[in-house]
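What follows is calculated from the coordinates using simple rules that are stated; it is not laboratory data. Note that this is a predicted model, so its numbers are computed, not measured. Note: ideal-geometry Cβ built from the backbone for every residue, glycine included; neighbour counts use all protein chains shown.
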Amino acid sequence: MIKITLPDGSVKEFEVNSTAIDVAKSISEGLARNVISASFNGTTVETTTPLTTDGSLVLYTFNDDAGKKAFWHSSAHVLAQAILTFYPNAKLTIGPAIDNGFYYDLDLGEDTLSEKDFPAIEKKFLELAREKAEFKMRSISKADALAYYQERNNAYKVELIEGLEDGDITFCDHSDFTDLCRGGHIPHTGLIKAVKIMNVAGAYWRGDEKNNQLTRVYGISFPKQKELKQYLELLEEAKKRDHRKLGKELELFTFSQRVGQGLPLWLPKGAALRNRLEDFLKKAQKQAGYEMVMTPHIGQKELYETSGHYAKYGEDSFQPITTPKADEEFLLKPMNCPHHCEVFAYKPYSYKDLPKRFAEFGTVYRYEQSGELHGLTRVRGFTQDDAHIFCTPEQLDSEFKNVIDLVLYVFGSLGFENFKAQVSIRDMENLDKYIGDSDTWEIAENAIINAAKDKGLDFVIEEGEAAFYGPKLDFMVKDALGRSWQLGTIQVDYNLPKRFELTYKGADNQLHRPVMIHRAPFGSMERFIAVLLEHTGGKFPLWLTPEQVIILPISEKYQNYAEKVLHLLENSEIRALIDDRNEKTGRKIRDAEVSKIPFMIIVGEKEEEEGTVSVRKHGEGDLGSFSTEAFISLINDEVSKTLVPFGK
């Protein structure tokens, strides 16, 4: 017998060679029908893999991320099988699961695959899925694996196998299809009830432009047809909310080929929006005891060599800038933290002076590949709402929890209510990725886990997602469409203070090393605004929106009254403008709706005589007649509901 520990801590005994499905059946038949993947002692296994030792088992359904990964990875196999029906000479390469579905990269030789081929491939896919073929893993020697793909003249698979260790190579078989695969599948193809090929694109083998260009076919699949229908409807809604589309319509930002790819230009309305976000956080930071600093956009290469950023990220940075002086090199700033270490090093501190909290809206630059650039979410120049806290080890817990409070305040003020936290720790199998000693890493990781528990956060632990200098707490926020985004991060760092030889004088009159907390509630201003745009559909909270009120005089005769109302609103710090175009009022209302301006004021003869305004609200229509004072109170009340000062 073997002892299986379940996620709730319960332990059950099973016969040796029992499977994940057997364990699921012991819990309920309903669960067994829905289980599609599992992990045993932290390693993904097939649901039919015999379990031979004691261990911890987690069962996954399609509702779990790990379950979706197995489902979509299995679907990639079926997609490749279907494509081979039409392109028997195609060379298979890789077919992983991705965040939304899967893809398979193929070398089609002289053949081409386009959108017109999608329906036939989808039909064949479902025919194959209905065979309910089991996914079966088998080990194979390196020699036999090489021989199998050499016989099929597939240099791509041969290259992959050559990089593997003999004894660690496995094939996956289903129906008459075989593929090189590490595992992680659903029980059989019949669980796949719906599929959609999303698009086809070019991709270089192993992402290297010097290699052959392949055909990448993207798809998504579901266990129910209605889930595919819902997903496609969600995609249509996402297109309407695309931040690139809304950014253009609302005149927030643009890009210029002359300026350069991935370098956004903020238009007046967008700049005003950014400034309000910055002012919002500055007020909260001031309340929380932060001090603002400013650092240059460049730094000597030596600075980033000291911090370790150059060794880790040098290839992803813009190349060094040389000067007329021999051996002098600068880099566009890829990170703010080395600069803030030098700010702390400016003068000596006592333990009584700590914590020191330095904040900056610092612009950084990273050379993202052109194919990876995407609107504001992936750019080459972006501004971080960065801050670095230098504290004593005894202050770490309270300071970390205070930052959590600040992040939650930011999310609450902007309508992000659905989120999970992720504790990102080291990859224990690949410690070369990190700097520093194991003892301080363990202290830092435990500090984050304990703080997350104490604050009652819903969190998961992800191995291998830590920064190279320390573990972190990332916030994974779901937007209005249910999509998950990483926004906000807090990191604990014992290593940069050591590298920069930072010290403070303790109560024992000896020098001690401070602990450093990195934090950015927004993360990147550009990415945050992109997500906020798509989350709200461009309908920002009233306190943030670029224009809160638009005044529509029904003719030029009422221009003076419109200007009088405008001045009253501006004196009350309400952002307003007048639409004095020679257009009909109906057209002005439609344009204001498209621009998502929260309130419209219509003024004419009646309003001027009575000293009132007729009010319409975006998306709701006519609210009736108000005195100007009553309308100002309406605006202020609505702002106060959504923007409560930090700490209140």
Problem set entry | Tilt relative to the chain, helix 628-642 - C-alpha long axis, 0 to 90 degrees, to 10 | 30
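Multiply the residue separation of LYS420 and ILE321 by 0.36 nm, subtract the distance between their alpha-carbon atoms, and state the gained length in nm to one decimal.
So the chain would gain 31.6 nm between LYS420 and ILE321.
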Exercise. For segment 436-442, in order, what is each residue's ³J(HN,Hα) by Karplus, 6.51 cos²θ - 1.76 cosθ + 1.60 with θ = phi - 60°, in whole Hz (x at glycine and Pro)?
Worked result: x, 8, 5, 5, 5, 4, 5
For this session: State the extension gain, in nm to one decimal, for the chain segment bounded by ASN571 and ALA630, taking 0.36 nm per residue of separation less the distance between their alpha-carbons.
Result: 19.8 nm
Problem set entry | Sorted by Cβ neighbour density within 10 Å, fewest at the top, the residues TYR60, TYR349, TYR104 | TYR349, TYR60, TYR104
Exercise. Long-range amide H contacts for MET198: which residues qualify at under 5 Å (H placed 1.01 Å from N, peptide plane, sequence gap of 5 or more or a different chain)?
Worked result: TYR218, GLY219, ILE220
Seminar exercise, completed: Per the 1/(1 + (r/R0)^6) rule, R0 = 25 Å and r from the Cβ atoms of ALA120 and LEU235, FRET efficiency to 0.05 is 0.70
Problem set entry | Per-residue ³J(HN,Hα) for segment 268-274, Karplus 6.51 cos²θ - 1.76 cosθ + 1.60, θ = phi - 60°, Hz, x for Gly and Pro | x, 5, x, 5, 5, 4, 4
Exercise. Can you pick out the pairs among LYS193/LYS455; LYS136/LYS193; LYS91/LYS123; LYS12/LYS69; LYS283/LYS455; LYS453/LYS641 whose Cα atoms lie more than 31 Å from each other?
Worked result: LYS193/LYS455
For this session: Could you tell me which label, among [x] 41, 33, 26; [y] 48, 36, 26; [z] 39, 27, 25, carries the value of semi-axes √(5λ) of the Cα gyration tensor in Å calculated for this structure?
Result: [y]
Problem set entry | Sites GLU13 and ASN450 - FRET efficiency at Förster radius 41 Å, r taken between beta-carbons, to 0.05 | 0.75
Exercise. Label-point separation (nm) for LYS641 and ARG182, each offset 7 Å from Cα along Cα-to-Cβ?
Worked result: 5.0
Exercise. How many angstrom separate the Cα center of segment 65-122 from the Cα center of segment 590-639?
Worked result: 54
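Between LYS564 and THR52, what length in nm is gained on full extension when 0.36 nm per residue of separation is reduced by their alpha carbon distance?
Contour length minus Cα-Cα distance gives 176.1 nm.
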Seminar exercise, completed: Placing each pseudo-label 7 Å from Cα in the direction of the beta carbon, ALA201 and THR254 end up separated by a distance in nanometres of 2.6
Exercise. LEU623 to GLU501: FRET efficiency via 1/(1 + (r/R0)^6), r the Cβ-Cβ distance, R0 60 Å, to the nearest 0.05?
Worked result: 0.45
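What GluC sites (Glu not before Pro) in segment 155-243 are in a loop by DSSP, with at most 14 other Cβ atoms within 10 Å of the Cβ? Please report the intermediate quantities before stating the final value.
Details: sites: GLU159, GLU162, GLU165, GLU209, GLU227, GLU233, GLU236, GLU237; in loops: GLU165, GLU209.
Listed in order of number, the matching sites are GLU165, GLU209.
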Exercise. ³J(HN,Hα) across segment 102-111 via Karplus (A = 6.51, B = -1.76, C = 1.60, θ = phi - 60°), whole Hz, x for Gly/Pro?
Worked result: 6, 8, 9, 9, 9, 9, 8, x, 7, 7
Seminar exercise, completed: In this structure, among LYS282/LYS478; LYS420/LYS472; LYS196/LYS224; LYS352/LYS498; LYS68/LYS433; LYS352/LYS472, pairs with alpha-carbon gaps over 18 Å are LYS282/LYS478; LYS352/LYS498; LYS68/LYS433; LYS352/LYS472
Exercise. Which aspartates and glutamates have a Cα less than 16 Å from the Cα of LYS401, not counting those fewer than 8 places away in the same chain?
Worked result: GLU445, ASP454, ASP458, ASP474, ASP493
